[in-house]
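Peer 1: Just passing along the structure, written as structure tokens.
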Amino acid sequence: MNILAIDTSSLVATVAVINEEKLLGEYTINTPMTHSQKLMPIIDELMKQLDLKMDDIDLIAVSRGPGSFTGIRIGVATAKGLAHPNNIPIIGISSLEGLASNIPFSEYLICPIMDARRNQVYTGVYKWEENKLNNIVEEAPLTIEELTDILLKRKEKVIFLGDGLNRYGKDIIDKFKDKAILAPQYISMQRASSIGQLAFNKVKNGDAKLKSYLDIVPVYLRKSEAERQYEEKMKRCLCDEES
């Protein structure tokens with residue numbers, strides 16, 4: 001089974017192809033270019049280097065969020081576009097679970113944090129148990145203070161990773177002291193190979209069902225800025241009518 005994996009949930013654009021035996025190739029680029037500029041070129045280049053065509057792909061795994069609203073939409077839309085001609089099945093993988101799986105088989109808690117702006121991070125807490133990565137605190141947008149309240153109730157040390165460290169790394173060290181471990185940069189960003197491996201494991205273990213490209217949808221965890229502004233505008237209009 002050849003799996004094409006895509007993650008565009010952050011500034012990082014990352015693409016990989018794996019099968020049941022090995023990682024065939026991975027391309028990761030972390031630049032200010034938009035995903036609409038860089039995603040298809042790196043998919044094309046990777047497939048060319050591996051001498052593969054979309055006919056050779058059996059499954060597409062895509063990060064479904066949370067993260068950058070625009071990035072997620074581009075990644076999911078690209079996955080759908082690639083899947084459509086050959087009706088390739090798709091599986092959506094949490095971007096936070098993908099980040100957490102960058103840390104294999106740790107005895108500590110793993111806490112990915114992605115900058116969600118508005119003084120929040122997208123986060124969840126994971127732990128390896130019996131060689132399986134389990135989500136033990138539900139994914140949600142939280143403030144660092146809310147996350148701290150949850151984690152300091154537990155005894156284990158916590159490994160933090162993700163682009164939220166750029167903004168909140170110092171705060172985390174100040175609050176957690178030696179209970180916190182900040183992951184190094186090379187494993188603290190999204191990796192498509194992690195998305196692909198998670199997809200393979202979930203399909204193999206029967207933990208997830210393959211979906212048609214028509215059924216895959218992004219997961220944002222909260223409303224977009226445009227949606228919030230629209231709701232606020234509608235509330236003001238209703239207030240004006242009532243007055």
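Peer 1: Has region 29-41 got at least one residue that is β-branched (V, I, T), within 24 Å of Y213 (Cα to Cα) and touching a strand residue (DSSP E or B) at 6+ places or on another chain (Cβ under 7 Å)?
Peer 2: Quick first cut of region 29-41, residues β-branched (V, I, T) only: 29, 31, 34.
Then keep just the ones that are within 24 Å of Y213 (Cα to Cα); that gives 34.
Next cut, touching a strand residue (DSSP E or B) at 6+ places or on another chain (Cβ under 7 Å) only: none.
Scanning region 29-41 turns up no residue that is β-branched (V, I, T), within 24 Å of Y213 (Cα to Cα) and touching a strand residue (DSSP E or B) at 6+ places or on another chain (Cβ under 7 Å).
Peer 1: Continuing with the same structure: Exactly one condition in (1) over 18 Å from E97 (Cα atoms); (2) assigned to a loop (DSSP other than H, G, I, E, B); (3) among the charged types (D, E, K, R); (4) modelled with pLDDT of 95 or more is false for K155; which is it?
Peer 2: All conditions are met except number (4).
Peer 1: Scan region 140-150 and tell me whether some residue there is touching a residue at least 24 places away in the same chain (Cβ under 8 Å) and within 14 Å of the chain's Cα centre (by Cα).
Peer 2: First pass over region 140-150, keeping only residues touching a residue at least 24 places away in the same chain (Cβ under 8 Å): 140-141, 143-144, 147-148, 150.
Filter once more, keeping what is within 14 Å of the chain's Cα centre (by Cα): 140-141.
Looking through region 140-150, at least one residue is touching a residue at least 24 places away in the same chain (Cβ under 8 Å) and within 14 Å of the chain's Cα centre (by Cα).
Peer 1: Here's something else I'd like to know. If you check V137 against the conditions, is it open to solvent by less than 10 Å² (accessible area, probe 1.4 Å) and either in contact with a Lys or Arg (Cβ under 8 Å, 6 or more places away or on another chain) or not acidic (D, E) (or both)?
Peer 2: Details: open to solvent by less than 10 Å² (accessible area, probe 1.4 Å): no; either in contact with a Lys or Arg (Cβ under 8 Å, 6 or more places away or on another chain) or not acidic (D, E) (or both): yes.
No.
Peer 1: I would also like to ask the following. One residue is enough: does region 57-70 have a residue meeting the conditions assigned to a loop (DSSP other than H, G, I, E, B), within 16 Å of Q190 (Cα to Cα) and open to solvent by 30 Å² or more (accessible area, probe 1.4 Å)?
Peer 2: Just the residues of region 57-70 that are assigned to a loop (DSSP other than H, G, I, E, B), to begin with: 57-58, 66-68.
Then drop every residue that is not within 16 Å of Q190 (Cα to Cα), which leaves 66-68.
Those still in the list that are open to solvent by 30 Å² or more (accessible area, probe 1.4 Å) too: 68.
Scanning region 57-70, I find at least one residue that is assigned to a loop (DSSP other than H, G, I, E, B), within 16 Å of Q190 (Cα to Cα) and open to solvent by 30 Å² or more (accessible area, probe 1.4 Å), so the answer is yes.
Peer 1: Out of (1) out of contact with any helix residue (DSSP H, G or I) (no Cβ under 8 Å at 6 or more places or on another chain); (2) at pLDDT 95 or above; (3) open to solvent by 40 Å² or more (accessible area, probe 1.4 Å), what's the single condition that is false for Y27?
Peer 2: Unmet condition: (1).
Peer 1: Against the conditions (1) assigned to a helix (DSSP H, G or I); (2) surrounded by fewer than 19 Cβ atoms within 10 Å (Cβ to Cβ); (3) touching a helix residue (DSSP H, G or I) at 6+ places or on another chain (Cβ under 6 Å); (4) not hydroxyl-bearing (S, T, Y), where does I195 fall short? Just the number, please.
Peer 2: (2)
Peer 1: Quick check: is even one residue across region 34-53 open to solvent by 10 Å² or more (accessible area, probe 1.4 Å) and under 25 Å from T123 (Cα atoms)?
Peer 2: There is at least one residue in region 34-53 that is open to solvent by 10 Å² or more (accessible area, probe 1.4 Å) and under 25 Å from T123 (Cα atoms).
Peer 1: Do we find a residue being within 15 Å of L133 (Cα to Cα), at pLDDT below 95 and not aromatic (F, W, Y) anywhere in region 207-223? First the steps, then the outcome.
Peer 2: Let us first name the residues in region 207-223 that are within 15 Å of L133 (Cα to Cα), namely 207-208.
Keeping just the survivors that are at pLDDT below 95 gives 207-208.
Then drop every residue that is not not aromatic (F, W, Y), which leaves 207-208.
Yes.
Peer 1: Across region 170-192, what is the number of residues that are part of a helix (DSSP H, G or I) and crowded, with 22+ Cβ neighbours inside 10 Å? Explain how you work it out, then say what you get.
Peer 2: Going through region 170-192, the residues part of a helix (DSSP H, G or I) turn out to be 170-179, 185-187, 192.
Of the ones still in play, those that are also crowded, with 22+ Cβ neighbours inside 10 Å are 172, 192.
Selection size over region 170-192: 2.
Peer 1: F105 passes all but one of (1) hydrophobic (A, V, I, L, M, F, W, C); (2) modelled with pLDDT of 95 or more; (3) in contact with a strand residue (DSSP E or B) (Cβ under 7 Å, 6 or more places away or on another chain); which number fails?
Peer 2: In the conditions (1) hydrophobic (A, V, I, L, M, F, W, C); (2) modelled with pLDDT of 95 or more; (3) in contact with a strand residue (DSSP E or B) (Cβ under 7 Å, 6 or more places away or on another chain), F105 misses (2) alone.
Peer 1: Which residues, taken from region 95-113, are buried (at least 24 other Cβ atoms within 10 Å of the Cβ) and assigned to a strand (DSSP E or B)? Step through it out loud before you land on a result.
Peer 2: Here is the first cut: in region 95-113, the residues buried (at least 24 other Cβ atoms within 10 Å of the Cβ) are 95-96, 98-100, 110-113.
Selection gives I110, C111, P112, I113.
Peer 1: Filter region 43-56 down to residues that are out of contact with any helix residue (DSSP H, G or I) (no Cβ under 9 Å at 6 or more places or on another chain) and not in a loop (DSSP other than H, G, I, E, B) and give me whichever is nearest to S194 (Cα to Cα). Break it down stepwise before answering.
Peer 2: Within region 43-56, the subset out of contact with any helix residue (DSSP H, G or I) (no Cβ under 9 Å at 6 or more places or on another chain) is 44-46, 48-49, 51, 55.
Remaining after also requiring not in a loop (DSSP other than H, G, I, E, B): 44-46, 48-49, 55.
Details: D44: 20, E45: 20, L46: 17, K48: 21, Q49: 20, D55: 23 Å.
So, considering only residues that are out of contact with any helix residue (DSSP H, G or I) (no Cβ under 9 Å at 6 or more places or on another chain) and not in a loop (DSSP other than H, G, I, E, B), the one nearest to S194 (Cα to Cα) is L46.
The values are calculated or read from the model by the stated rules, or taken from the named source; none is laboratory data. Only a predicted model underlies this, so the values are computations on that prediction, with no experimental measurement involved. Note: ideal-geometry Cβ built from the backbone for every residue, glycine included; neighbour counts use all protein chains shown. Only protein heavy atoms, including side chains, enter the accessible area calculation; ligands, DNA and RNA are left aside. Shrake-Rupley method; radii C 1.70, N 1.55, O 1.52, S 1.80 Å.
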